[in-house]
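I have placed the structure first, in the form of structure tokens, so that the comments after it can refer back to it.
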Amino acid sequence: SATPVKVAVTGAAGNIGYSLLFRIAAGDLFGPDTPVELRLLEITPALKALEGVVMELDDCAFPTLAGVQIGDDAKKVFDGVNHALLVGAKPRGPGMERGDLLKDNGGIFGPQGKALNEVAADDIKVTVTGNPANTNALIAMSNAPDIPNERFTALTRLDHNRALAQLAAKLGVTVSDISQMSIWGNHSATQYPDLFHAQVGGKSAAEAVGDQDWIENTYIPTVAKRGAAIIDARGASSAASAASATIDHARDWQLGTGGKWVSMSVPSDGSYGVTEGIISSFPVTVADGKWSIVQGLEIDDFSRGKIDASVRELVSERDTVKELGLI
Ligand code: NAI
């Protein structure tokens, strides 16, 4: 039988973990013919709860689940892993400054980057879901000098999926009728969901909508603030949808997109004037396990302003973590 793919998940006892682990174990990441071995990292006080989750994984008797290991030592848990889904992060507490948030997360993603650098498999691919995802990915990347930078990415696929769903609802079409969706910039309120390159039934989505005011004042803020709307309604942060997007991202990265555009936050090579080295969202395609930024797009003044604003925020996060000595 096939060699199991080793998938590490951090923050495995958390809310996203509770949805994500079962999807991975059921074969949603690499299909029904590829066994997976789960490597679950948590902080010490959460290990008991994690043991309970593992009991439930056992009880599902998933044929694709080849094994589960848990622990609080990144160097042990990450040993030989092919994919690392870094979900566990320090949330922003009441009254917490952004600098403190970045510093606390540096204390998580710096050591995890170092551990991956030492013990992960040669083909390691890293997906950061834990917020602030883009800058956490930058910290992990900067602490893993022996892993190629392009193996570090952050999740903007949930934003991408939200952008698809909101557009489909507006136009009365299905998400499958939409192509070339893209999210630019940071996974934050400054992100830019781009309807000028998205296509619906062979024409520009912006033209299909035909209402710039709706795009600017309803669509973009609805997509960007969807996380807060879910907390308002559910009393808890989005978890199943975040898990589903994390699966979409890692699966497409491994298996390819067949020419289809998806959004991934990846280390910028300077394309579209996005500061080189920051981890920013772009439209990408994936083939042979490698993502490429879609090239040659025309960026109009409106899009330029939105992309630049989000990039400015990422540059300022980068400057802060640099000053803190985290990168
Ligand atoms: P949660 O608080 O339920 O779970 C987080 C888990 O991480 C906890 O069990 C905690 O013990 C663990 N953890 C903390 N430090 C750790 C460390 N050093 N090593 C291993 N585990 C550690 O949070 P939830 O709802 O599961 O969300 C996780 C993260 O994902 C948050 O940062 C959240 O903001 C982010 N998120 C990102 C989204 C995206 O689209 N990029 C969407 C939704 C959430």
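No value in this document is a laboratory result; all are computed from the given coordinates. Since the structure is predicted, the reported quantities are computational estimates derived from the model, not experimental observations. FYI the Cβ positions are ideal-geometry reconstructions off the backbone, even for glycines, and counts take in every protein chain you see.
Annotations for the structure displayed:
- Positive minus negative residues near Ala228 (Lys, Arg vs Asp, Glu; Cβ under 14 Å): +3
- Using a Förster distance of 51 Å, the FRET efficiency for Ala168-Asp269 (Cβ separation, nearest 0.05): 0.95
- A prolate overall shape is assigned to the range 11-95, the ratio a/c of its alpha-carbon gyration tensor axes (a ≥ b ≥ c) being 1.5 or greater and a/b exceeding b/c.
- Anisotropy class of the range 254-327 from Cα gyration tensor, a/c 1.5 cut: oblate
- Amide hydrogen neighbours beyond the local backbone of Lys125, cut-off 5 Å, H modeled: His83, Ala84
- Most fluctuating residue given options Asp252, Asp300, Asp58, as computed from a GNM of the chain linking Cα atoms under 10 Å: Asp300
- Computed from label points 7 Å out along Cα-Cβ, the spacing between Met96 and Ala61 is 4.2 nm.
- When each of Lys203/Lys260; Lys114/Lys260; Lys75/Lys290; Lys6/Lys322; Lys48/Lys225 is checked by Cα-Cα distance, pairs over 28 Å: Lys114/Lys260; Lys6/Lys322; Lys48/Lys225
- Hz values of 3J(HN,Hα) by residue in the range 182-191 - Karplus curve (6.51, -1.76, 1.60), Gly and Pro given as x: 8, 10, 10, x, 9, 6, 6, 5, 8, 3
- Modelled spin-label separation between Leu324 and Asp33, with each label point placed 7 Å from Cα along the Cα-to-Cβ direction: 4.5 nm.
- Taking 0.36 nm per residue of separation and subtracting the Cα-Cα distance, full extension of the segment from Asp122 to Ala228 would add 34.4 nm.
- Neighbours of Ile279, meaning other residues whose beta-carbon lies under 15 angstrom from its beta-carbon, give a summed charge of -1 when Lys and Arg score +1 and Asp and Glu score -1.
- Amide hydrogen neighbours beyond the local backbone of Trp184, cut-off 5 Å, H modeled: Tyr192, Asp194
- Look at where the Cα atoms of the range 117-180 and of the range 50-104 average out, and the two centres are 17 Å apart.
- Three-way shape label, the range 52-131, alpha-carbon gyration tensor, a/c 1.5: oblate
- Centre separation in Å (Cα based) which lies between the range 12-37 and the range 200-229: 32
- Most mobile of Arg312, Arg304, Arg234 in a GNM of the chain (Cα contacts under 10 Å): Arg234
- Extension gain for Glu298 to Glu276 (0.36 nm times residue separation, less C-alpha to C-alpha distance): 6.0 nm.
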